[in-house]
Structure formats: C-alpha cells, structure tokens
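The values are calculated or read from the model by the stated rules, or taken from the named source; none is laboratory data. Just so you know, these numbers come straight off a predicted model, no measurement behind them. As a convention, Cβ positions derive from the backbone with ideal geometry for all residues, glycine included, and neighbour counts pool all protein chains shown. Side chains are part of the model used for accessible areas, which takes the heavy atoms of the whole protein and leaves out ligands, DNA and RNA. Shrake-Rupley method; radii C 1.70, N 1.55, O 1.52, S 1.80 Å.
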Amino acid sequence: MILNRLRLPTVSKLSQLAFARNYSRKDFAFVFDIDGVLIRGKDPIAAATPALELLNEHRVPYILMTNGGGVSEKAKADHIAKIVGVPISPWQIVQSHTPLRTLANDRKHNRVLCIGGVGDAVRHVAKSYGFEDVVLPIDIVKAIPSISPHHMFKQDDFDKYAIDIDVNVPFRAILVFNDPRDMSTDVQIVQDLLNSQDGVLGTKRKRRRLEDPAIPIVFSNSDVYYSNEYSLPRFGQGAFRIITEELYSHINQLRPHEAMSSLLCGKPFKLQYDFAHHVLIDWREMLITNKFEQPKYPLLGTAPTASPFKNIYMVGDNPASDIQGANDHGWESVLLRTGVYADEDLSSLEAQPTAGVFNDVYDAVLEILRVNKVKI
Ligand code: G3P
Ligand code: MG
C-alpha cells in the first residue's frame, strides 16, 4: 500500500518524465536518523511530518538510517510511517543490522547465534536475510536451562518463541542484532561461545590471552546511549558491547593495550555509511524509474564507485554516532536538539556538525533547502 502511494503520478508519460528529471537533477540528499530526530519512543517529533512532506513535495531523495533494529526493514518502515504519518518504503530503511544481509550467502556463517530484539523477531529477520541455521539464546536455554541459572523466560515464551535445536552443532558466528532483552542470559551464552573450543557449547578453549575470540562476533550498534520518551538518554546496544568486551578481557587476562576483536556495524562506522550511500543511490534510481524492487546489495565494506550526490546531509541527534560518522566519511552533518544532544558546549562534543545545529528537523530541512537554492 505504502509503496503504491510512493509511485509517481501516472497522469501522462510526459509529466512522469518531468518528475523523474526533477529527481535526477538533485545533487544533494538527506539521510535521517530516527530516534531523537523523527520519533521519541512511540511518539512522533512534531517537526518530522512537515519536514518529510516538504522533501516529498520538492522531490528531494532521502532515506532513514538508524542504529535501532530488531525487526524487518518493512516492519520498521510501516512503524515510522504510522507514527509520523508520511509513507516510507522499506527500501528507504537502513537499520543497524541491514548490512549483515550481505554476509548471509557466506556458508561459513551457518550456524549463527542472534542476539537481541523482542520475542523471536530477529530469527525472522536473519532468515529473511538468508541465514539458514539461526539460533536464539531462548532455544539454548530451552534445551539446557542450567546454562543460564537466572534466565527470565516463562513457559509461554518457550512455547511461542523457542525451537528445538541440536546443541552439539558448532556456532560459526555471533550476530548482535539489537539490544538484549534478557541481559544476564545473553552475557552468559555469548561469553560461553567466545571462549569455547571452536564454537561448541559446553567446551572451553585452553589458550588464554587471545584477542581473537573462538568465533567472530558482530555488533551492529555501538551506541552507548539513545533517546526515548524518558527525560535522560537510555543505555543502548553499545552498553552490551562494553560489558562483553570487559568480561572477555577479564576472562582472557588481556593486557591494557589489548582488546577483543570484533566486527562493528552501525553508525559511526564507514561500513554503514558506505552501505547507506548505496541504498540512497538505489532509492534515487527507484524514484526516477518508478520501479520499486529489491536492490542488489553491495559487498560489505565497498563504497560506491560513483555517486550522483555532491552533498549528503546526515541529520542526527547523537554527536558520537550520527555526526562523527558523517564527518569521518565525507558527508555533511546536521545536529538537532531533539534527542541525545541538548545544549552542551559544542566544543566538548566528540564531533562538531559541519552544517549547523537546529532546534528540530523541520528547521534543519528548511535551511538546507535554502542553501541548495530550492524555492520554497
Ligand atoms: O536503539 C536505538 C538507538 O541506539 C539509536 O537509534 O535512530 O537514534 O540511530 P537512532
Ligand atoms: Mg538518534
């Protein structure tokens, strides 16, 4: 439905062409953060609706890039569209774990332990990406309850979300999709596997002082804080990363200059900005051609070789992720006061925005359109 509403008007071939040409002429685009920019928890940020409507009206391409996730891109698009009241396509969504779909075809990532999210939602997301043998901590606890003595699962959770697994099959990787819901279980099982013999549960490798864990771990989001309805920022997936790294260092007696190795996705890392850049180019192409189909995803870690955009504006609320990443990877950065950042001294921030600080997303969009000589 939403995709249909996004299709170009079909009045006449000529008007379609004019519309497409308008899109193709734009050499700038927007990438919006979600939490603290468009919404806070379940509530919209009032400025989000007119800001996105203005861009639709002026046919400026934009996508949304969040460090959140735990659901499919379609579910996220529908969720945001419902809160903000503006149609959003799944092809406009980059969640923290969206780039992981590019790893799914690699047979060496079968079987994977997926962490985070509500119920068994991330199992469905991982399967939709193409991972075949997807295990969640609840499956392991169902099979071996004593592995997590203080787990919080009820019989109803096992009935609804757990599947029966052969616990002797080795794990090949751990993918942290989203914030843990039963932190104590996730902390325990992740450390068990990182320190196992080749990813087999119930084993413990003999060698210590290794920066490389027994199996690779991918953190899709390193935000220590994010913004919801509460008055102060809340801990995000980055807090789980810190706990995991600290425990790993402790168990492995790493020296102060040593650290557990891992693959990091999400903002502020290059891999994520490169992936989002591909998605933005694909989205622009869909708008121009009026064909809305699943794009071919790039190999992980490859930047586009050519781009129609002179400027990409990252609009965010978190200096450490949104702004830092944009500055590091050649985008313009725009900081808002509606989320993690409030009114701190700019010079004290991890990164300073290159295109200004604004009270909200509408103010920012208006100013950037003006700078790019769009007549409002
Ligand atoms: O858990 C979500 C959070 O870490 C950040 O979301 O949209 O501000 O990148 P966002
Ligand atoms: Mg944010």
*Looking at Ile368, is it of a type in the set (Val, Ile, Thr) and buried (at least 19 other Cβ atoms within 10 Å of the Cβ)?*
yes
*If you go through the stretch 233-250 one residue at a time, do you hit one that is over 19 Å from Ser184 (Cα atoms) and within 16 Å of ligand 1 (Cβ to nearest atom)?*
yes
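Taking the stretch 342-370, which residues are of a type in the set (A, V, I, L, M, F, W, C) and either within 14 Å of Val60 (Cβ to Cβ) or outside any helix (DSSP H, G or I) (or both)?
Result: Ala342, Leu349, Ala351, Ala355, Val357, Phe358, Val361, Ala364, Val365, Leu366, Ile368, Leu369.
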*asked:* All but one of (1) within 16 Å of ligand 2 (Cβ to nearest atom); (2) open to solvent by 30 Å² or more (accessible area, probe 1.4 Å); (3) farther than 21 Å from Asn221 by Cβ hold for Ala320; state the number of the condition that does not hold.
replied: (3)
*Can you give me the number of residues within the stretch 108-160 that are open to solvent by 10 Å² or more (accessible area, probe 1.4 Å), charged (D, E, K, R) and not in a loop (DSSP other than H, G, I, E, B)?*
8
*Residues of the stretch 297-322 classified as in a helix (DSSP H, G or I) and touching a residue at least 40 places away in the same chain (Cβ under 8 Å), total*: 3
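Residue-by-condition table, conditions (1) among the β-branched types (Val, Ile, Thr); (2) outside the structural domain of Asp328 (by TED's automatic domain parsing):
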site	(1), (2)
Ile217	yes, yes
Gly238	no, yes
His250	no, yes
Met286	no, no
Lys296	no, no
*Determine the pairs where a residue that is among the acidic types (Asp, Glu), located within the stretch 221-248, has a partner that is within 16 Å of ligand 2 (Cβ to nearest atom) with Cβ atoms under 6 Å apart, the partner being 6 or more residues away or on another chain.*
Asp223/Asn67; Asp223/Gly236; Asp223/Gly238; Asp223/Ser321; Glu229/Arg40; Glu229/Gly41
_Unmet criterion (only one of (1) modelled with pLDDT of 95 or more; (2) more than 16 Å from ligand 1 (Cβ to nearest atom)) for Ala47_ = (2)
*Search result, residues across the stretch 220-249 that are charged (D, E, K, R) and either more than 14 Å from ligand 2 (Cβ to nearest atom) or under 16 Å from the mean Cα position of the chain (by Cα) (or both)*: Asp223, Arg241, Glu245, Glu246
*Can you name the condition, by its number, that Thr203 falls short on among (1) away from ligand 2 (no atom under 16 Å from the Cβ); (2) under 24 Å from Glu350 (Cβ atoms); (3) of a type in the set (Ser, Thr, Tyr)?*
(2)
*Cβ-Cβ below 9 Å, separation at least six or inter-chain, first residue in the stretch 66-91 and in a loop (DSSP other than H, G, I, E, B) and within 13 Å of ligand 1 (Cβ to nearest atom), second open to solvent by 40 Å² or more (accessible area, probe 1.4 Å) and of a type in the set (Phe, Trp, Tyr): which pairs?*
Asn67/Tyr226; Gly68/Tyr226
*Quick check, is Leu8 farther than 24 Å from Phe235 by Cα, in a loop (DSSP other than H, G, I, E, B) and either at pLDDT below 95 or not assigned by TED's automatic domain parsing to the domain that holds His277 (or both)?*
yes
